[in-house]
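Here's the structure we're looking at; comments come further down.
The values are calculated or read from the model by the stated rules, or taken from the named source; none is laboratory data. In this text, all values refer to a predicted model and were calculated from it rather than measured experimentally. All Cβ positions, even for glycine, are placed from backbone atoms using ideal geometry, and neighbour counts span all protein chains on display. Each accessible area value is taken on the protein alone, full model and side chains, heavy atoms only, with ligands, DNA and RNA left out. Shrake-Rupley method; radii C 1.70, N 1.55, O 1.52, S 1.80 Å.
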Number of protein chains: 6
Amino acid sequence: MATAKLWTDEEVAADPRVRAVFDDIRATRKSDFVNNFWRALANQPALLERTWSSIKDVMINPGALDPLTRELIYIAVSTANGCSYCVHSHTAAARAKGLTDAQHGELIAIIGMAAETNALATVLQIPVDPEFEVK
Amino acid sequence: MATAKLWTDEEVAADPRVRAVFDDIRATRKSDFVNNFWRALANQPALLERTWSSIKDVMINPGALDPLTRELIYIAVSTANGCSYCVHSHTAAARAKGLTDAQHGELIAIIGMAAETNALATVLQIPVDPEFEVK
Amino acid sequence: MATAKLWTDEEVAADPRVRAVFDDIRATRKSDFVNNFWRALANQPALLERTWSSIKDVMINPGALDPLTRELIYIAVSTANGCSYCVHSHTAAARAKGLTDAQHGELIAIIGMAAETNALATVLQIPVDPEFEVK
Amino acid sequence: MATAKLWTDEEVAADPRVRAVFDDIRATRKSDFVNNFWRALANQPALLERTWSSIKDVMINPGALDPLTRELIYIAVSTANGCSYCVHSHTAAARAKGLTDAQHGELIAIIGMAAETNALATVLQIPVDPEFEVK
Amino acid sequence: MATAKLWTDEEVAADPRVRAVFDDIRATRKSDFVNNFWRALANQPALLERTWSSIKDVMINPGALDPLTRELIYIAVSTANGCSYCVHSHTAAARAKGLTDAQHGELIAIIGMAAETNALATVLQIPVDPEFEVK
Amino acid sequence: MATAKLWTDEEVAADPRVRAVFDDIRATRKSDFVNNFWRALANQPALLERTWSSIKDVMINPGALDPLTRELIYIAVSTANGCSYCVHSHTAAARAKGLTDAQHGELIAIIGMAAETNALATVLQIPVDPEFEVK
C-alpha cells in the first residue's frame with residue numbers, strides 16, 4: 001500500500017548508512033523489531049538519519065517531560081492530523097511505557113473535548129482575550 | 001469579530017440559567033475572570049451548560065492524569081486543529097498550572113516532531129505493522 | 001494582509017473580463033457589495049470565472065437542497081478547515097438567507113459534536129461496520 | 001484494528017452501566033444493531049454515557065433543524081476532518097433518514113466547493129470584510 | 001467501501017453524458033484505464049463534467065508551471081489533508097510524468113519539514129512580520 | 001500575540017548559542033532581516049539549531065528540485081494546514097526566488113483544485129485502485 005518500498009532486513013544489511021541507523025534503533029529500544037515507518041524512510045538515508053536523530057532528542061533523551069507524557073502529546077497530535085499509522089504506533093509505544101486503561105480513557109476524553117471546543121471557538125470566531133497575551 | 005454576541009457581565013446577570021454557569025465557573029476557578037469562550041457560548045444555554053459540565057469532568061475533576069498533563073494534550077490538539085483562540089487560552093491555563101519554560105519548549109518540539117512524522121507517514125502511506133494491533 | 005492585490009472597483013471597471021464577472025455577481029445577488037474573496041480572485045480571470053460559475057451551480061441554482069441548508073454545510077466545512085474568512089462570509093450569507101439564532105445555536109452544537117466524535121473515532125481507530133457499506 | 005477493545009454483546013450484558021446505555025441506544029433507534037463506535041466507547045463508561053446523552057440532545061431531540069439536515073452537517077464536518085468511520089456511519093444514517101441520491105450529489109458538490117474556496121481564501125490570506133462583522 | 005456506486009464500463013457506456021466524459025479522459029490521457037475517482041463522480045454527471053473540465057484546465061493545459069511540478073503541489077496538499085486516495089493517485093501520476101526517486105525523496109522531506117514548521121508557528125502563535133505584507 | 005517571547009537583536013547578541021544561528025541565517029540568506037519565526041524559536045536553542053539545520057538541508061542545499069519548486073510545495077502544505085504565518089512567509093520567499101504572478105495564479109488554482117478533489121474522494125470514500133499500488 002505504501003507509495004515507496006519498505007526495506008527488508010536483507011536490504012538494510014546491505015546498505016551501511018541505513019544499517020547504522022537500524023542498529024542504533026535496535027540498540028536504543030533494546031528490541032529487534034523495527035517498524036515500517038523506518039523501513040519506508042530508508043529510501044532517503046539523509047531523511048532517515050535526521051528523523052531518527054530528532055526522535056531521540058525529542059522523545060527519548062531525558063528532559064523536563066516524562067516519556068509517557070511525551071507519547072500522550074504525540075497521540076493527540078496524530079489524532080488531530082488523522083494519521084492512522086501514527087495513532088497505532090504511538091498508542092503501542094505509550095502502552096509499552098506504562099499507559100494504563102484509565103489513563104488511555106482520560107486521554108481519549110481530553111482529545112475529544114479539545115476537538116469539540118476547537119470547533120466551537122472556530123465557528124464562533126471568538127477573539128483572543130487580552131488576558132491571554134504574553135506580557 | 002465573533003459571529004455571535006459576546007455576553008457582558010450585565011447580560012449574564014440578567015439571565016438566571018447563564019448566570020448559574022458563570023457563577024460555577026468563577027467558584028470552581030477561584031477567579032472573577034471569565035474568558036470570551038464562555039461569553040460566546042452564553043447564546044445557547046443548553047450548550048453552555050453541557051460544555052462546562054464536560055470540561056469539569058474532563059479537565060478539572062481528579063483522575064489518572066494530572067492537570068498540567070491534561071493541558072499539554074489540549075494544546076497539542078488545538079495546535080494541530082489550527083485553533084488560535086484555543087492555543088492562547090490553554091497555554092495560559094498551562095502556565096497557571098505551573099508549566100515551566102523548559103516544559104513549554106519540549107512540548108513545542110514534540111508537537112512539531114509529531115506533525116512532521118504524521119506527514120511522512122501519510123505521504124508514504126505506510127501500512128500499520130501487525131505488531132501494533134490490539135490483541 | 002492578503003498575499004495578492006485586492007482589486008478596487010476602478011481596477012475592475014478597467015478590465016472587461018473581470019468586470020463581466022463582477023457585473024454578474026451584482027446582478028445575481030441583487031446587491032452592489034462584492035466581497036474581498038472575488039477582489040482577490042480577480043488577479044486570475046480564468047479562476048475567477050470558473051469559481052463564480054461553480055458557485056452559481058452549487059450554491060444558487062435550484063436543486064434538491066434549499067439555499068439555507070447549503071450555507072449550513074458550507075459553514076460546517078469551513079469551520080473544520082479552520083478558514084476564518086469563510087466562516088465569517090458564509091455565516092453572514094446564512095443570516096441573509098434567514099438563519100435564526102436557534103438554528104445557528106443548533107448548527108454550532110452539531111459542528112462541535114461531530115468534531116468530538118471524529119476525534120474519538122480516530123484515536124480509537126474504530127473499524128467501519130460492514131452494515132455501513134454500500135451494497 | 002482498533003486501539004481499544006470492541007465490546008461484544010456478552011460483555012455489554014455483564015456490565016450494568018454499559019448495558020443501560022446500549023439498551024437506550026436500541027430503544028431510541030428502534031433497532032438491535034449497535035455500531036462499533038459505541039462498542040469502543042464502552043471501555044470508558046463515563047465517556048460512553050456523556051457522549052450518548054449529547055448525541056441524543058444534538059442529533060435526535062426535536063429542534064430548529066430537521067434530522068436529515070443535521071446529518072448533512074455531520075457528514076460535512078467528518079469529511080473535512082478526514083474521519084473515514086464517521087463519513088461511513090453518518091452517510092448510512094442520512095440514507096436511513098431519507099437522503100436521496102440527488103441530495104447526496106448536491107451535498108458532495110457543496111463539500112467539494114467549500115473545500116476549494118477555503119483553500120483559496122487561505123492561500124490568498126484574504127482579510128475579512130467589515131460588512132461580515134456582527135454588529 | 002465507497003459511499004456511492006462505482007460505475008462499471010458497461011454502466012458508463014449506457015449513459016451518453018457520462019460516456020462523453022470518460023471518452024475524453026481516455027483520449028486526453030492516451031490510456032484505457034479510468035480510475036475509481038471518476039467512476040464515483042459518475043453518479044453526478046454535472047459534477048463529473050465540471051471536475052474533469054477543471055482538472056484539464058488546472059493540471060493538463062500548458063501554463064507557467066510544468067506538469068510534474070503541478071503534481072508535486074497536488075501531492076503536498078493531499079498529504080496535508082490526509083487523503084489516502086489522492087496521495088496514491090497523484091504519486092502514481094507524478095511517477096508517470098517522470099518523478100525520480102531522488103525528487104520523491106526531496107518532496108517527502110519538504111512536506112515533512114513544512115508540517116513541522118507549520119505546527120511550530122501555530123503553537124507559538126507567531127505574528128506575521130510586516131515585511132511579508134504585500135505592498 | 002505570540003505565546004512565547006520574540007527575541008530582539010540585543011537579546012540574541014547576548015546569547016552565543018542563539019547568536020551563532022542568527023549569524024548563519026544572515027550569512028546564508030545574505031540579508032540582515034531575520035523574521036519572527038526564528039525570534040520565537042530562540043527560546044529553545046536546541047530546537048532553533050535543529051530546525052535551521054534541517055531547513056538548510058531541505059530548502060537551501062542543492063538537490064533534485066529547484067528552490068522555487070520547493071517553496072511552492074511549502075506554500076501548498078502551509079495552506080492545507082491553515083498556517084497563516086507560513087503562507088505569508090513562504091509566499092514572500094517564493095517571490096524573492098522569482099515567483100511570477102502567472103505562476104502564483106496557477107499555484108493557487110492547483111491548491112484549490114486539490115482541496116476540492118481531496119474532499120470529494122473523502123466524502124465518497126473511494127477505494128484505492130490496485131493500479132496505484134507500488135509493485
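Please compute how much accessible surface disappears when B pairs with A, both sides summed, using a 1.4 Å probe, and round it to the nearest 100 Å². Walk me through the numbers on the way to the answer.
Values: alone 9350 and 9320 Å², together 12860 Å².
Summing both sides, the interface buries roughly 5800 Å².
Can you list the GluC sites (Glu not before Pro) in the stretch F:94-135 that are in a DSSP coil and have 14 or fewer other beta carbons within 10 angstrom?
Details: sites: F:Glu106, F:Glu116, F:Glu131, F:Glu133; in loops: F:Glu133.
Answer by residue number: F:Glu133.
Counting Lys and Arg as +1 and Asp and Glu as -1, each charge on the Cβ, what is the dipole of the protein assembly as shown about the Cα centre in debye, to the nearest 20? Write down the numbers at each step before the final one.
Details: 78 positive and 102 negative charges, 0 e Å.
With Lys and Arg at +1 and Asp and Glu at -1, about 0 debye.
Along Cα-to-Cβ, 7 Å out, sits the label point; list in nm, shortest first, how far the one on E:Arg26 is from those in the other copies.
4.8, 5.2, 5.2, 6.5, 7.4
What angle do you read, to the nearest 10 degrees and between 0 and 90, between the alpha-carbon axis of helix A:101-123 and the longest principal axis of chain A?
It is inclined by approximately 60 degrees.
Amide H to amide H under 5 Å from E:Gln125: which residues, 5+ apart in sequence or cross-chain, H placed 1.01 Å off N in plane?
Sorted by chain and number, the residues that satisfy this are F:Thr3.
Run through the other copies and list how far each one's label point is from that of A:Lys5, in nm with one decimal, shortest first; the point sits 7 Å from Cα along Cα-Cβ.
From this label point to the equivalent ones elsewhere in the assembly: 4.3, 4.3, 5.1, 5.1, 6.7 nm.
Which angle between 0 and 90 degrees, to the nearest 10, do you get for helix E:45-55 versus the longest principal axis of chain E when only C-alpha atoms count?
50
Which trypsin sites (Lys or Arg not before Pro) from the stretch D:27-56 combine a DSSP loop assignment with at most 16 other Cβ atoms within 10 Å?
Details: sites: D:Arg29, D:Lys30, D:Arg39, D:Arg50, D:Lys56; in loops: D:Lys30.
Loop-located and lightly packed - D:Lys30.
Looking at the stretch C:21-46, which residues lose a minimum of 40 Å² of accessible area between their chain alone and all protein chains in place, measuring with a 1.4 Å probe and not counting ligands or nucleic acids?
For the stretch C:21-46, once contacts with the other chains are taken into account, C:Phe33, C:Asn36, C:Phe37, C:Gln44 lose 40 Å² or more.
Under the definition of Cα pairs under 8 Å and six or more residues apart, what whole-number percent is the relative contact order of chain F? It would help to have the intermediate numbers written out before the result.
Details: 62 pairs, mean separation 21.5, N = 135.
Reported relative contact order: 16 percent.
Can you tell me which of B:Pro45, B:Pro67, B:Pro16 moves the most in a GNM of chain B? Springs connect C-alpha atoms under 10 Å apart.
B:Pro16
Ignoring ligands, DNA and RNA, please state the percent of accessible area on the stretch D:1-116 from carbon and sulfur, probe 1.4 Å. Each step should come with its number before you reach the end.
Numbers: 2310 of 4220 Å².
It is 55 percent, rounded to a whole number.
Find the accessible area per residue for the protein assembly as shown; the probe is 1.4 Å, ligands and nucleic acids are left out, and the unit is Å². Each step should come with its number before you reach the end.
On the way: 29590 Å² over 810 residues.
Per residue, the protein assembly as shown has an accessible area of 37 Å².
Evaluate E = 1/(1 + (r/R0)^6) for D:Met1 and E:Ala102, where r is the Cβ-Cβ distance and R0 equals 30 Å; express this FRET efficiency to the nearest 0.05. The partial results should precede the final answer.
On the way: r = 35 Å, r/R0 = 1.15.
The pair D:Met1/E:Ala102 has a calculated efficiency of 0.30.
Considering only chain B, pick the residue with its Cβ nearest the axis of the rotation onto chain C, and state the distance in whole Å.
Spelled out, residue of B and its Cβ distance from the axis onto C: B:Gly82, 2.
With the solvent-accessible surface defined on protein heavy atoms using a 1.4 Å probe, which residues belonging to the stretch D:58-79 display a reduction of at least 40 Å² in accessible area in the multichain context relative to the isolated chain?
D:Val58, D:Ala64, D:Leu65, D:Leu72, D:Ile73, D:Tyr74, D:Val77, D:Thr79
From the C-alpha gyration tensor of the protein assembly as shown, pull out the three semi-axes of the equivalent ellipsoid (sqrt of 5λ each), sorted largest to smallest, in whole Å. Don't jump to the answer; show the numbers that get you there.
On the way: eigenvalues 231, 230, 181 Å².
For the protein assembly as shown, the ellipsoid semi-axes come out as 34, 34, 30 Å.
Under 11 Å from the 7 Å Cα→Cβ point of D:Thr8, by amide nitrogen: which residues of the stretch D:32-69?
Counting backbone N atoms under 11 Å from the label point, the list is empty.
If you take each beta carbon of peptide B:91-99 and count the beta carbons of other chains within 10 angstrom, what is the mean?
Working: counts 7, 7, 1, 1, 3, 0, 0, 0, 1.
Mean number of neighbouring Cβ atoms from other chains: 2.
For the Cα atoms of chain F, what angle does the longest principal axis make with the long axis of helix F:16-29, in degrees from 0 to 90, nearest 10?
Computed tilt is about 60 degrees.
Explain nothing, just compute: Karplus ³J(HN,Hα) = 6.51 cos²θ - 1.76 cosθ + 1.60, θ = phi - 60°, for every residue of the stretch A:69-74 in order, whole Hz, x for Gly and Pro.
Couplings: 4, 4, 5, 4, 5, 4 Hz.
Going through the cross-link list C:Lys30/C:Lys56; C:Lys5/F:Lys30; A:Lys97/B:Lys56; C:Lys5/E:Lys56; D:Lys5/E:Lys5; C:Lys56/C:Lys97, which pairs have a Cα-Cα distance over 25 Å in this structure? The partial results should precede the final answer.
On the way: C:Lys30/C:Lys56 14 Å; C:Lys5/F:Lys30 28 Å; A:Lys97/B:Lys56 28 Å; C:Lys5/E:Lys56 27 Å; D:Lys5/E:Lys5 32 Å; C:Lys56/C:Lys97 15 Å.
Listed pairs above 25 Å: C:Lys5/F:Lys30; A:Lys97/B:Lys56; C:Lys5/E:Lys56; D:Lys5/E:Lys5.
Given label points at 7 Å from Cα along Cα→Cβ, what nm distances, shortest first, separate D:Pro127 from the same residue in every other copy?
1.5, 1.5, 5.1, 5.3, 5.4
In debye, nearest 20, what is the charge dipole magnitude of the stretch C:18-135 about its Cα centre with +1 on Lys and Arg Cβ and -1 on Asp and Glu Cβ, if you could check? All intermediate terms of the calculation are to be shown ahead of the outcome.
Values: 11 positive and 13 negative charges, 128 e Å.
About 620 debye.
Go ahead and estimate [θ] at 222 nm for chain B from helices alone: -39,500 (n - 2.57) per DSSP H run with n ≥ 4, summed, over the residue count, rounded to 500.
Theoretical 222 nm ellipticity from helices: -20000 deg cm²/dmol.
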